[in-house]
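Reading through the structure tokens given below for one structure.
The values are calculated or read from the model by the stated rules, or taken from the named source; none is laboratory data. Predicted, not measured: the structure shown is a model, and the values here were computed from it. Cβ placement follows ideal geometry from the backbone for every residue including glycine, while neighbour counts extend to all protein chains displayed. Note: areas computed on protein heavy atoms with side chains; ligands, DNA, RNA excluded. Shrake-Rupley method; radii C 1.70, N 1.55, O 1.52, S 1.80 Å.
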Amino acid sequence: MDKQPLAQLTKISSQVRRDILRMVHAVQSGHPGASLGCTEFFVALYFNQMKHDSNFNMNGAGEDLFFLSNGHISPVWYSVLARSGYFPAEELKTFRKLNSRLQGHPATEENLPGIRIASGSLGQGLSAAIGAAQAKKIDKDDSTVYVLMGDGEQQEGQVWEACMYAAHHKVDNLIATIDFNRQQIDGPTKDVMDLKDLKAKWEAFGWEVIETFKGNDMEAVLEGLEKAKSLTGKGKPVLNLLHTEMGYGVDFMVGTHKWHGIAPSDEQLENALGQLEETLGDY
Amino acid sequence: MDKTLDLKYTYTEKKDTRSGFGDGLLEAGRKNPNVVGLCADLIGSLKMGAFQKEFPERFFQVGIAEANMIGLAAGMTINGKIPFTGTFANFSTGRVYDQIRQSVAYSDKNVKICASHAGLTLGEDGATHQILEDVGMMKMLPHMTVINPCDYNQTKAATMAIADFEGPVYLRFGRPSWPIFTPADQKFEIGKAWHMIEGTDVTIFATGHLVWEAVVAEAMLREEGISAEVINIHTIKPLDEAAIIASVKKTGCAVSAEEHQLNGGLGDSIAQTLIRNNPAPLEYVGVNDSFGESGTPTELLEKYGLNAENIVKAAKKAIARK
Ligand SMILES: Cc1ncc(C[n+]2csc(CCOP(=O)(O)OP(=O)(O)O)c2C)c(N)n1
Ligand SMILES: [Mg+2]
């Protein structure tokens with residue numbers, strides 16, 4: 001896919017947010033909060049940053065790869081995959097329904113194009129991404145591996161096992177991003193289990209860390225990803241601490257854990273869609 | 001379901017079994033100051049909020065760190081404390097198997113591993129969360145008691161009973177709203193099968209949500225002139241072998257019904273018991289070596305062959321093999 005310009009990326013983001021809300025509403029389940037919060041990130045990756053082929057190939061030789069560790073935000077990923085041509089946008093209708101390829105959490109079992117490993121049980125994606133990055137090194141494939149994790153997810157021990165490993169093995173073709181929305185299921189992360197200074201922690205483990213302070217501003221997200229990219233290949237894995245707002249784009253959903261995993265009612269959907277322009281045509 | 005069915009047990013209300021756990025935990029906490037709770041960022045889903053509110057000093061939010069939670073619970077048992085850990089069944093077992101094996105089961109710690117959202121009926125979240133192997137993993141562990149109650153009332157009673165019981169326990173329950181058809185004042189006896197319906201042609205051994213499907217199946221079979229015995233196996237380990245053998249001696253064949261893989265589940269435990277003591281035809285109702293998927297609980301029970309109709313079919317097959 002050709003790199004889309006900023007104005008187009010912003011348009012796509014609005015449509016992706018509509019898709020997320022309509023998918024979750026239709027089945028009255030799923031996770032809109034961080035899906036909305038990570039929309040700019042996904043759109044920037046798939047429509048501008050990554051070298052990838054929507055004619056999906058599991059091995060992805062010569063392509064940049066993306067892994068989603070916080071699998072519950074599948075709505076944003078499915079929308080972006082559909083909108084970038086991996087499968088028809090029409091299929092978004094089947095999200096979480098019986099016999100769908102669009103499982104509640106991303107899966108390979110039903111062969112949905114774009115998915116390379118199942119996720120949903122938190123804490124596992126970084127390890128898989130590191131493995132893929134090392135496989136690329138063996139193959140002398142100089143593309144980049146991307147992975148997204150949640151911030152609450154940082155509480156899982158496996159994240160830190162992987163973190164230590166990647167620095168030790170100089171996995172420098174890897175850009176990990178943390179969706180730093182400061183929310184998780186039971187409340188704000190600082191109340192549930194304080195993450196304290198994440199940046200210092202990752203740096204202490206030997207990573208190159210950049211912060212994207214405006215994770216819902218497309219320009220800032222692009223700038224962050226460009227910077228992260230420029231830091232690859234220098235002997236250290238790269239972490240992008242992406243400050244986002246859960247529920248961004250819908251005034252009554254923004255900034256609270258309450259929208260982590262519930263669906264809007266009919267009226268709430270209507271209200272929310274009124275705040276988001278239909279730019280590419282609803283599915 | 002056919003409205004005209006003459007059911008031996010009926011219900012006026014539906015509720016999730018996890019609420020039975022939450023309410024049982026609160027009562028156990030009121031009765032016994034040694035009861036402590038731990039949860040890994042799922043307080044609402046596990047219905048542990050009331051306990052947390054009433055006993056904040058005896059409740060610990062662990063964050064999304066299940067392995068740590070099991071280790072904490074094992075350590076917390078010193079001086080008589082009784083830790084109840086709460087998370088989804090997948091993250092209560094497979095995620096932390098070695099922690100349970102070494103720190104809880106082998107070390108024989110009085111930890112109650114309380115697991116919600118077990119099986120297919122959690123619905124739309126799909127296969128990553130729908131664990132169907134947990135009973136197998138847990139029953140293989142020496143020292144471990146495995147309990148899978150059938151409705152809100154039985155889950156509440158079981159939760160209170162395990163607080164009074166010394167030893168590691170795996171308590172399995174679920175997410176969906178489900179008929180409440182057992183009495184509120186029941187006495188829960190760990191390891192004692194409950195004869196719910198007497199019959200002569202076939203015995204249906206059911207556990208968890210599928211006990212309700214077995215009750216429906218019994219009425220369907222009766223309409224066709226088949227007399228089925230229904231036994232509620234809320235405790236999968238230790239298994240009430242005497243009750244199983246006695247019933248199958250009478251009926252001559254059996255069906256097992258569970259929301260779990262056929263490999264390693266209740267059916268396998270019953271098969272072992274029968275083979276050793278009283279060989280007889282046994283048909284299995286359960287998931288046949290596949291993962292689940294997203295869908296509604298009813299759709300999934302139908303697609304994976306776990307509802308009353310499937311129990312009826314299995315019963316006829318077992319009878320034909322006599
Ligand atoms: C191993 C594991 N434990 C628990 C859960 C249940 N769970 C799903 S999302 C979530 C909260 C995740 O927090 P965060 O990573 O901050 O994601 P956000 O809420 O921001 O979307 C939890 C506890 C899970 N999916 N996997
Ligand atoms: Mg978060």
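Among residues that are assigned to a loop (DSSP other than H, G, I, E, B), of a type outside the set (Phe, Trp, Tyr) and surrounded by 24 or more Cβ atoms within 10 Å (Cβ to Cβ), B:Ala118 is included. When restricted to residues that are within 16 Å of ligand 2 (Cβ to nearest atom) and either part of a loop (DSSP other than H, G, I, E, B) or open to solvent by 40 Å² or more (accessible area, probe 1.4 Å) (or both), the stretch A:165-187 contains 4.
Contact map, the stretch A:53-73: first residue under 22 Å from A:Lys3 (Cα atoms), second residue aromatic (Phe, Trp, Tyr) and within 16 Å of ligand 1 (Cβ to nearest atom), Cβ cut-off under 6 Å, separation 6 or more or different chains; pairs are A:Leu68/A:Trp77.
Okay, residues lined up against (1) out of contact with any Ser or Thr (no Cβ under 7 Å at 6 or more places or on another chain); (2) open to solvent by 20 Å² or more (accessible area, probe 1.4 Å); (3) within 16 Å of ligand 2 (Cβ to nearest atom):
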residue: A:Leu68; (1), (2), (3): no, no, yes
residue: A:His72; (1), (2), (3): yes, yes, yes
residue: A:Val80; (1), (2), (3): yes, no, no
residue: A:Ala89; (1), (2), (3): yes, yes, no
residue: A:Thr94; (1), (2), (3): no, yes, no
residue: A:Gly114; (1), (2), (3): yes, no, no
residue: A:Ser119; (1), (2), (3): no, no, yes
residue: A:Gly123; (1), (2), (3): yes, no, yes
residue: A:Lys137; (1), (2), (3): yes, yes, no
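Restricting attention to helices (runs of 4 or more DSSP H) lying wholly within the stretch A:1-95, give those where 3 or more residues are β-branched (Val, Ile, Thr). So that I can check it myself, show each step before the final result.
Numbers: elements: A:6-27, A:33-37, A:39-44, A:74-83.
Counting at least 3 such residues, we get A:6-27.
If you scan the stretch B:27-72, which residues turn out to be more than 16 Å from ligand 1 (Cβ to nearest atom) and open to solvent by less than 60 Å² (accessible area, probe 1.4 Å)? Passing the criteria: B:Ala28, B:Gly29, B:Asn32, B:Asn34, B:Val35, B:Val36, B:Gly37, B:Ala50, B:Phe51, B:Phe55, B:Arg58, B:Phe59.
Against the definition (buried (at least 22 other Cβ atoms within 10 Å of the Cβ), in contact (Cβ under 8 Å) with a residue 60 or more places away in the chain and either more than 14 Å from every other protein chain (Cβ to nearest Cβ) or within 16 Å of ligand 1 (Cβ to nearest atom) (or both)), how does A:Leu239 come out, yes or no?
So A:Leu239 passes the test.
Taken over the stretch B:292-322, the criterion of being within 14 Å of chain A (Cβ to nearest Cβ) and either β-branched (Val, Ile, Thr) or farther than 19 Å from B:Gln130 by Cα (or both) is satisfied by B:Thr296, B:Thr298. Taken over the stretch B:121-130, the criterion of being open to solvent by less than 10 Å² (accessible area, probe 1.4 Å) and either within 12 Å of chain A (Cβ to nearest Cβ) or without any contact (Cβ under 8 Å) to a residue 24 or more places away in the chain (or both) is satisfied by B:Leu122, B:Gly123, B:Gly126, B:Gln130.
The rows are residues; the columns are (1) modelled with pLDDT under 95; (2) open to solvent by 10 Å² or more (accessible area, probe 1.4 Å); (3) in contact with a Gly (Cβ under 8 Å, 6 or more places away or on another chain).
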residue	(1), (2), (3)
A:Ile20	no, no, no
A:Val27	no, yes, no
A:Gly30	no, no, yes
A:Gly33	no, no, yes
A:Thr39	no, no, yes
A:Ala44	no, no, no
A:Asn48	no, yes, no
A:Ser54	no, yes, yes
A:Met58	no, yes, no
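Of the residues A:Ile130, A:Ile138, A:Ile115, A:Ile178, which single one is in contact with a helix residue (DSSP H, G or I) (Cβ under 6 Å, 6 or more places away or on another chain) and of a type outside the set (Gly, Ala, Ser)?
Numbers: A:Ile138 fails: in contact with a helix residue (DSSP H, G or I) (Cβ under 6 Å, 6 or more places away or on another chain); A:Ile115 fails: in contact with a helix residue (DSSP H, G or I) (Cβ under 6 Å, 6 or more places away or on another chain); A:Ile178 fails: in contact with a helix residue (DSSP H, G or I) (Cβ under 6 Å, 6 or more places away or on another chain).
Exactly one of A:Ile130, A:Ile138, A:Ile115, A:Ile178 is in contact with a helix residue (DSSP H, G or I) (Cβ under 6 Å, 6 or more places away or on another chain) and of a type outside the set (Gly, Ala, Ser), namely A:Ile130.
Among residues of the stretch A:250-271 that are on the phi > 0 side of the Ramachandran plot, those with a Cβ under 7 angstrom from a residue that is within 16 Å of ligand 1 (Cβ to nearest atom), sequence gap 6+ or separate chain, pair up as A:Gly255/A:Glu245; A:Gly255/A:Met246; A:Gly255/A:Gly247. Comparison of B:Asp98, B:Asp108 shows that the only residue that is farther than 29 Å from A:Pro188 by Cβ and not in a helix (DSSP H, G or I) is B:Asp108.
When the stretch A:188-212 is filtered for residues that are in a loop (DSSP other than H, G, I, E, B), open to solvent by 20 Å² or more (accessible area, probe 1.4 Å) and either in contact with a helix residue (DSSP H, G or I) (Cβ under 7 Å, 6 or more places away or on another chain) or of a type in the set (Val, Ile, Thr) (or both), the ones remaining, listed by number, are A:Met193, A:Phe205, A:Gly206.
Tallying residues that are surrounded by fewer than 24 Cβ atoms within 10 Å (Cβ to Cβ) and of a type outside the set (A, V, I, L, M, F, W, C) within the stretch B:131-164 yields 8. Of all residue pairs spaced 6 or more apart or on separate chains, those with beta-carbon atoms under 7 Å, a first member in the stretch B:68-93 that is under 23 Å from B:Gly136 (Cβ atoms) and a second member that is among the acidic types (Asp, Glu) are B:Thr87/B:Glu66; B:Ala89/B:Asp134; B:Phe91/B:Glu66; B:Thr93/B:Asp134.
Among the residues of the stretch A:255-276, those that are open to solvent by less than 60 Å² (accessible area, probe 1.4 Å) and not aromatic (Phe, Trp, Tyr) comprise A:Gly255, A:Thr256, A:His257, A:His260, A:Gly261, A:Ala263, A:Pro264, A:Ser265, A:Leu269, A:Ala272, A:Leu273, A:Leu276. The single condition from (1) within 16 Å of ligand 2 (Cβ to nearest atom); (2) over 11 Å from the mean Cα position of the chain (by Cα) that A:Gln49 fails is (1).
Is it fair to say A:Glu153 is within 11 Å of chain B (Cβ to nearest Cβ), surrounded by fewer than 18 Cβ atoms within 10 Å (Cβ to Cβ) and either farther than 25 Å from A:Lys201 by Cβ or within 16 Å of ligand 1 (Cβ to nearest atom) (or both)? So A:Glu153 fails the test.
Quick check: anything in the stretch B:171-193 assigned to a helix (DSSP H, G or I) and crowded, with 24+ Cβ neighbours inside 10 Å? Outline the logic, then answer.
From the stretch B:171-193, those assigned to a helix (DSSP H, G or I) are none; that's our starting set.
No, every residue in the stretch B:171-193 fails to be assigned to a helix (DSSP H, G or I) and crowded, with 24+ Cβ neighbours inside 10 Å.
Across the stretch A:164-194, the number of residues qualifying as over 14 Å from A:Leu242 (Cβ atoms) and within 15 Å of ligand 1 (Cβ to nearest atom) comes to 11. The set of residues in the stretch B:173-209 being polar (S, T, N, Q) and more than 16 Å from the chain's Cα centre (by Cα) consists of B:Gln186, B:Thr200, B:Thr203.
Among the numbered conditions (1) more than 10 Å from chain B (Cβ to nearest Cβ); (2) open to solvent by 20 Å² or more (accessible area, probe 1.4 Å); (3) more than 14 Å from ligand 1 (Cβ to nearest atom), the only one that A:Glu110 does not meet is (1).
Screening the stretch B:272-291 for residues that are more than 20 Å from B:Lys139 (Cβ to Cβ) and within 14 Å of chain A (Cβ to nearest Cβ) and picking the one that is least open to solvent (accessible area, probe 1.4 Å) gives B:Ser290.
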